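One structure below.
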Amino acid sequence: MRIAVIGGGTMGSGIGQIAATHGHQTVIVDSSKDQLKRSKAGLQKILARLVEKGRLTRDESVATLDRISFSTDIEATSGSGLVVEAIIEDLAAKQAVFDQIEKHVDSSAIIATNTSSLSVTSVAGSCKEPQRVAGMHFFNPAPVMALVEIVPGVATDESTINAIMNVARSWGKVPVVVKDTPGFIVNRVARCFYSESLRIVDEGLATPAEVDEALRSAGFRMGPFELMDLIGNDINLAVTRSVFAAFHFDQRYKPSFTQERLVEAGRLGRKSGSGYFMYGDDAEKPAVDLGSSKAAMIIDRVVAMIINDAIDTVFWGVASPGDVDIAMTKGVNYPRGPIEWGKEIGYPVIIERIESLRSRYMEDRYRVSPLLRDLASNQVDFDG
Ligand code: NAI
């Protein structure tokens, strides 16, 4: 099957690499000639590195590159069985591209969007055949991260979802089906990791370095602040704002003034030389002397909020408990699936932590998921 990827940026190039590595004739389409040059050069470099590391033979690398063509003309999608759109995150631009794709591919072709924050239904909204449109949400770097969130829109056929799941599996990915809701699984549940950490800092209860240290000690590969500095505070804030607005301003996903001020100051993180921390040759890492009770307060709060939101995701039928755990471990490398983690800590303990925050702050943000209560009272059991 021929594959077309629209957008040759970070994600499109990575998705093109995956398709070609798995033997598909692949075309990467981008409106910018320069971007296509960068995409090609980037792929050559990545494949050369894989050969150096012994993960690919030289012949395989040459064959993979030979399978990829580059074009600025969307007509190059014709003959494709699957088109994956990965252009800029802009609804009008995506709808215009979908309109063009539909003109060039057969009606048997499946069209997917890699959108991370728009509703798949809205992207498919202007399509003539929305039943063959779905979300296929990869994680960065796409060739490395196993998770793919597969998102049916309101009009998507089941056969479309089955076909995309099969393609994702044949590419060695772990696909999970997610309801078309803001942030899908990962970008929604992960908001709590950032948001509760920022809240602790906003209140002056701990410094960013202390929060990072505590959460690393709980098994997270990176603390939330060093991670936001790596992702870019502008990018992280944009995702938070979009999830917050899409949830009709649910306080659980509220952005933080601290992060907003940093973005306004141009302190975007590593890429600008400073964010929560300073970067550069003479930058010193802040010393941390974290007492065990402060560490426990940080871990208990942040982990409880993640677990509660993960369970609420299941409550609202966004995904199954197993898929939520797969998503958080394979999409963002959490040390444990939050639902399994909740069971281990004990559902009543999580309720107690959230209710104590609620009684202190009297905020809607700290509300226990109805499903968490049902689990705690054994009215529901995920295992049985
Ligand atoms: P990017 O900015 O690296 O690449 C976007 C590319 O689209 C650019 O090369 C641009 O020239 C091209 N483009 C823009 N309008 C176009 C059009 N009308 N026709 C053809 N090409 C066009 O962006 P990135 O990061 O690769 O993101 C792409 C999509 O993937 C977005 O929807 C984003 O939300 C989503 N995404 C991004 C992730 C990330 O970590 N960067 C993770 C998962 C999804």
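The values are calculated or read from the model by the stated rules, or taken from the named source; none is laboratory data. Not measured: the values here are computed from a predicted model. Cβ atoms come from the backbone with ideal geometry, glycine included; neighbour counts cover every protein chain shown. Keep in mind that these areas ignore ligands, DNA and RNA; they rest on the heavy atoms of the full protein, side chains included. Shrake-Rupley method; radii C 1.70, N 1.55, O 1.52, S 1.80 Å.
Annotations for the structure displayed:
- Student exercise, the chain dipole from Lys, Arg, Asp, Glu Cβ charges, in Debye to nearest 20: 560
- On the beta carbon distance between residue 44 and residue 377, with R0 = 41 Å, the FRET formula returns roughly 0.10.
- Our estimate of slack between residue 349 and residue 1, defined as 0.36 nm per intervening residue step minus the Cα-Cα distance, is 120.2 nm.
- Close amide H pairs (under 5 Å, H built 1.01 Å from N) link residue 135 with 113, 151, 153, residues at least 5 positions away or on another chain.
- Backbone HN-Hα couplings from phi across the stretch 338-345 [Karplus 6.51/-1.76/1.60, Hz, Gly and Pro as x]: x, 6, 5, 4, x, 5, 5, 5
- Computed over protein heavy atoms with a 1.4 Å probe, the carbon and sulfur contribution to the accessible area of the chain reaches 52%.
- With the simple model of a label 7 Å out from the Cα in the direction of the Cβ, residue 222 to residue 73 spans 4.1 nm.
- Computed over protein heavy atoms with a 1.4 Å probe, the accessible surface of the chain works out to 45 Å² per residue.
- Cα Rg, Dmax, the stretch 118-184, angstrom units: 11.7, 34
- Residue-span extension gain [residue 361 to residue 92] - 0.36 nm each, minus C-alpha spacing: 92.8 nm
- Value at 222 nm in deg cm²/dmol, rounded to 500, when DSSP H runs of n ≥ 4 in the chain each add -39,500 (n - 2.57): -16000 deg cm²/dmol
- Cross-link table 173/294; 53/94; 254/294; 53/330; 33/53, entries beyond 28 Å C-alpha to C-alpha: 173/294; 53/94; 33/53
- Both radii come from the Cα set of the chain: Rg as radius of gyration, Rh as Kirkwood radius; their ratio Rg/Rh reads 0.99.
- Packing order of peptides 149-156, 201-208, 338-345, 315-322, highest average first: 149-156, 338-345, 315-322, 201-208 (average count of other Cβ atoms within 10 Å over each peptide's residues).
- Aspartates and glutamates with Cα under 19 Å of residue 285, excluding same-chain neighbours fewer than 8 positions away: 210, 212, 213, 226, 229
- Each of 263, 292, 43 was scored by the projection of its Cα onto the charge dipole of the chain, and the greatest displacement toward the positive side belongs to 43; charges sit on the C-beta of Lys, Arg, Asp and Glu.
- Order by protection proxy (mean Cβ within 10 Å, highest first), peptides 4-11, 126-133, 85-92, 178-185: 4-11, 178-185, 126-133, 85-92
- Between 0 and 90 degrees, the angle of helix 91-104 with respect to the longest Cα principal axis of the chain falls at about 30 degrees.
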